[in-house]
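Take a look at the structure set out below.
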Amino acid sequence: MSLRPLPSPILSGQPLTALAPMQDVTDLAFMQMLSEYGCPDYYVTEYFRVYANSNLDKKILKSITCNTTSRPVFAQLIGESIPDMLRITQQLTKYPIAGIDLNLGCPAPRVYRKNVGGGLLREPETIERIFDALRSQISGLFTVKMRVGFDSIDNFEKLLQLINQYQIDMLSLHGRTVKELYRGEVHYDLIRHAVQTVNCPVLANGNVTSYLKAEQILKETGAAGVMIGRSAIRNPWIFQQIRDHFAGKPVQIVNLADVHKYIQHLFAITCQDTLREKSHVNSLKKFLNFIGTSIDPDGKFLREMRLVQSKQELFDLCDHHLLTNPQRPFAIEPFESLIARPSCESCE
């Protein structure tokens, strides 16, 4: 396996940071764009779906082969067929990956109903067989992204034991069950318990909304770092803000003019020759649903944004809400009443 070494900022007092994999969001273009605002320490690809006769998704593969961010990239797998997972893993070893990551957390019903992703958390015995097979083949880093359980935490202790037994190199843990989706409080006490139980570094995932929240979560859990998904869509400066805060440096205050430029940037990287303007504008809304939660507390931007159908309408709206008072700070945290839900394909 062509390994790129995992950075060790912990040695200098810095927590590790990672971009959470989110289907149809964290592609090569998003990774490259994010590097201009402040890279995380490493990336994880969207998941490669693994099943009989599956092949490497060429679009996802580009986030490995064409990645110029200088950051390590883990290739994430989702599936349950052990022979096929071994086959795909072997294919991936030909590329410059940092390691293999196994998805045991995707909460999308269309995914877990196939008994993959978060669905496997109901079957520790199956997970053990997968761990055993993959660990025997992966000579480099083998990491896991999971939740604390499917609809309960009954299997949580067993899963942590398996993490130790099969010498998993890092655990990214979302502190909710699959059935809890993105609702309610994150169980940071369970992340703390994992930190105290497993022998590998643990990244805390779930509602890491700002550099201040990251600091609070790290103090509460003792985790080695944080994995951030939705909040990196809303605020691409978040990784650099975390880095600066822990280094004792001034943290950039993002204003609405900065956000206006960011939306222009997003529009540019999502542009495709084959995509009609209306479809392009509508595709951008999956990003704007998150960005809008920190623009105005009454949600006027969000309501009006959801009605626009053209590029002109979109940027007239952005000009009005973001450039009328361009120096006004972009809210550090999302406004509580406006917190957006990810689509069912989002796997943070």
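The values are calculated or read from the model by the stated rules, or taken from the named source; none is laboratory data. All values derive from a computational prediction rather than experimental measurement. Every residue, glycine as well, gets a Cβ built from its backbone with ideal geometry; the counts of neighbours run over all protein chains shown. To get the accessible areas, we keep the full protein, side chains included, count just its heavy atoms, and leave off ligands, DNA and RNA. Shrake-Rupley method; radii C 1.70, N 1.55, O 1.52, S 1.80 Å.
With the condition kept exactly as written, say whether any residue in segment 243-252 is at negative phi and either within 17 Å of the chain's Cα centre (by Cα) or open to solvent by less than 20 Å² (accessible area, probe 1.4 Å) (or both). Checked segment 243-252: no residue is at negative phi and either within 17 Å of the chain's Cα centre (by Cα) or open to solvent by less than 20 Å² (accessible area, probe 1.4 Å) (or both). The set of residues from segment 196-227 being within 24 Å of Leu181 (Cβ to Cβ) and surrounded by fewer than 17 Cβ atoms within 10 Å (Cβ to Cβ) comprises Gln216, Glu220.
Scanning segment 323-348 for residues that are under 23 Å from Ser279 (Cα atoms) and either surrounded by fewer than 16 Cβ atoms within 10 Å (Cβ to Cβ) or at pLDDT 95 or above (or both) returns Arg341, Ser343, Cys344, Glu345. Every listed requirement among (1) in a helix (DSSP H, G or I); (2) over 21 Å from the mean Cα position of the chain (by Cα) is met by Glu80 save one, (1).
Screening Phe290 against (1) in contact with a Ser or Thr (Cβ under 9 Å, 6 or more places away or on another chain); (2) part of a loop (DSSP other than H, G, I, E, B) leaves a single unmet condition, (2).
Inspect segment 219-233 for any residue being under 14 Å from Gly38 (Cα atoms), β-branched (Val, Ile, Thr) and in a helix (DSSP H, G or I) and give the result as yes or no. Scanning segment 219-233, I find at least one residue that is under 14 Å from Gly38 (Cα atoms), β-branched (Val, Ile, Thr) and in a helix (DSSP H, G or I), so the answer is yes. Scanning segment 203-223 for residues that are within 16 Å of the chain's Cα centre (by Cα) and either under 17 Å from Gly105 (Cβ atoms) or acidic (Asp, Glu) (or both) gives Leu203, Ala204, Asn205, Gly206, Asn207, Val208. The requirement of being within 24 Å of Ser63 (Cα to Cα), open to solvent by less than 80 Å² (accessible area, probe 1.4 Å) and of a type outside the set (Ser, Thr, Tyr) is not satisfied by Ile295. Exactly one residue out of Ile163, Ile168, Ile97, Ile88 is among the hydrophobic types (A, V, I, L, M, F, W, C), at pLDDT 95 or above and over 20 Å from Ala20 (Cα atoms), and it is Ile88.
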